[in-house]
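Report on the following structure.
The values are calculated or read from the model by the stated rules, or taken from the named source; none is laboratory data. As the structure is a computational prediction, the values presented were derived from the model and not from experiment. Note that each Cβ is placed from the backbone with ideal geometry, even for glycine, and that neighbours are counted across all protein chains shown. Heavy atoms of the whole protein, side chains included, go into the accessibility calculation; ligands, DNA and RNA do not. Shrake-Rupley method; radii C 1.70, N 1.55, O 1.52, S 1.80 Å.
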Amino acid sequence: MSRNVTWDRGVSLPDHSIWFDPETARALAVVTHAHTDHSRRHRETYLTAETLALTASARKPKSARVIGYDEDQPVAGGTLRLVPAGHMLGSAQVHFIAAAGSLLYTGDVKLRGPREVRMPKADVLVIESTYGRPHFIFPEHGEVVEAIATWCRRVLGEGVTPVLLCHAVGKAQEVMLALAPYGIRFALEERCLPGTEAYLELGETMPDYIALVPGEDYSGRVVIAPPAGKTVIRRLHRYRCALVSGWAQDRHFRALFGADVAFPLSDHCDFQELVQAVEMVAPEQVYTVHGFTDDLARHLRKRGVRASALRGVEQLALVFG
């Protein structure tokens, strides 16, 4: 028995009329986490309670179907199960099981991080490949956190304000939690505040922080802002910027965001983790989506894995046995 998996501004199983992280509003969708490139106002949406709480009001679904990890939910002629993705608070992978077989859609996933992640076996794996080129090899999470903390302390000791540039929702809060054991206090650009407040409401213990108000004295604090928040940052008296991202592996990104230094702390899998994830799931077929799809699929094929890039309006046969 065969099914189709398609890409048309999102991954879908058209024979089941269900979409995974579609880029436009759909009738039935699963949203894996709260980043704006994944959330839309779908008519009916399955997601975790944490993802719903972290989603911006303008992007909250019209009808939210909240389910926890490992809860089996009959939907669209199959069984939907969300499993931890390790990406950020509430992030999930989609394990969809039908009579003819199973599919795992990873969404954004991270194996070597502080949050729980599980990679269940599946017949078909649809894996995000943001860092799907071999030069994206990240150091251990704790090693990078230590380097960031050392840099922040050194800059503070020079009477200068350290600024960490990272995504306002999810990444900013995970960086704060990672640096909390070092006793670092923070000042947050306004776009980082809603996500931090949501983390608090969801039971996370956040380190000391205040809102960043231009013209105030922030001596002794580390500023966190999204890369697009440099307008406010430029009004600080003396500061140095660090880009906190997996893109630190590409030198031109540091210059692009006007950063003095870059730290490769990512909430995505690096290249080795992507290969490891495929090995853990042991699928019959792999489809790569987002990022370096062709590169990762080509590498997997060299390893004997049946793999193809899924992009555009391309449609591929998904055989469930």
- Query: Taking interchain pairs and intrachain pairs at least six residues apart, which have beta carbon atoms under 7 angstrom, with the first residue in the range 237-251 and assigned to a helix (DSSP H, G or I) and the second of a type in the set (A, V, I, L, M, F, W, C)?
  - Reply: GLY246/PHE136; GLY246/PHE138; TRP247/PHE253; ALA248/ALA262; ALA248/PHE263; GLN249/PHE136
- Item | Residue list for the range 252-267, filter: open to solvent by 60 Å² or more (accessible area, probe 1.4 Å), closer than 24 Å to ALA187 by Cβ and either of a type in the set (Gly, Ala, Ser) or assigned to a loop (DSSP other than H, G, I, E, B) (or both) | PHE257, ASP260
- Message: ILE233 - would you say it is under 16 Å from ALA178 (Cα atoms), open to solvent by less than 60 Å² (accessible area, probe 1.4 Å) and touching an Asp or Glu at 6+ places or on another chain (Cβ under 8 Å)?
- Response: no
- Item | Of the criteria (1) open to solvent by 40 Å² or more (accessible area, probe 1.4 Å); (2) at pLDDT below 95; (3) not in a helix (DSSP H, G or I), which one TYR218 fails | (1)
- Can you name every residue in the range 115-130 that is part of a loop (DSSP other than H, G, I, E, B) and among the polar types (S, T, N, Q)? THR130
- Query: Do you know which residues across the range 273-294 are in contact (Cβ under 8 Å) with a residue 40 or more places away in the chain, over 17 Å from TRP7 (Cβ atoms) and either in a strand (DSSP E or B) or open to solvent by 40 Å² or more (accessible area, probe 1.4 Å) (or both)?
  - Reply: GLN276, MET280, ALA282, GLU284
- Task: Working only within the range 166-194, note down all residues that are outside any helix (DSSP H, G or I) and without any contact (Cβ under 8 Å) to a residue 40 or more places away in the chain.
- Result: GLY183, ILE184, ARG185, PHE186, ALA187, LEU188
- Item | Matching residues in the range 77-97 - criterion: being among the hydroxyl-bearing types (Ser, Thr, Tyr) and closer than 24 Å to ARG112 by Cα | SER91
- Note on the structure: If we take the range 13-114, then strands (runs of 3 or more DSSP E) inside it with 1 or more residues that are open to solvent by less than 20 Å² (accessible area, probe 1.4 Å) and among the β-branched types (Val, Ile, Thr) are 18-20, 28-30, 44-47, 73-75, 78-84, 92-98
- Task: Starting from residues that are in a strand (DSSP E or B) and β-branched (Val, Ile, Thr), keep the ones in the range 147-165 and report whichever is most open to solvent (accessible area, probe 1.4 Å).
- Result: THR161
- Query: Restricting to the range 174-229, what's the tally of residues that are small (Gly, Ala, Ser) and in contact with an Asp or Glu (Cβ under 6 Å, 6 or more places away or on another chain)?
  - Reply: 2
- Query: Taking only pairs six or more apart or across chains, which ones have beta-carbon atoms under 8 Å, a first residue in the range 124-151 that is without any contact (Cβ under 8 Å) to a residue 60 or more places away in the chain, and a second residue that is not in a loop (DSSP other than H, G, I, E, B)?
  - Reply: ALA149/LEU179; ALA149/TYR182
- Note on the structure: How many residues of the range 135-171 are of a type in the set (Gly, Ala, Ser) and within 20 Å of SER219 (Cα to Cα)? The answer is 3
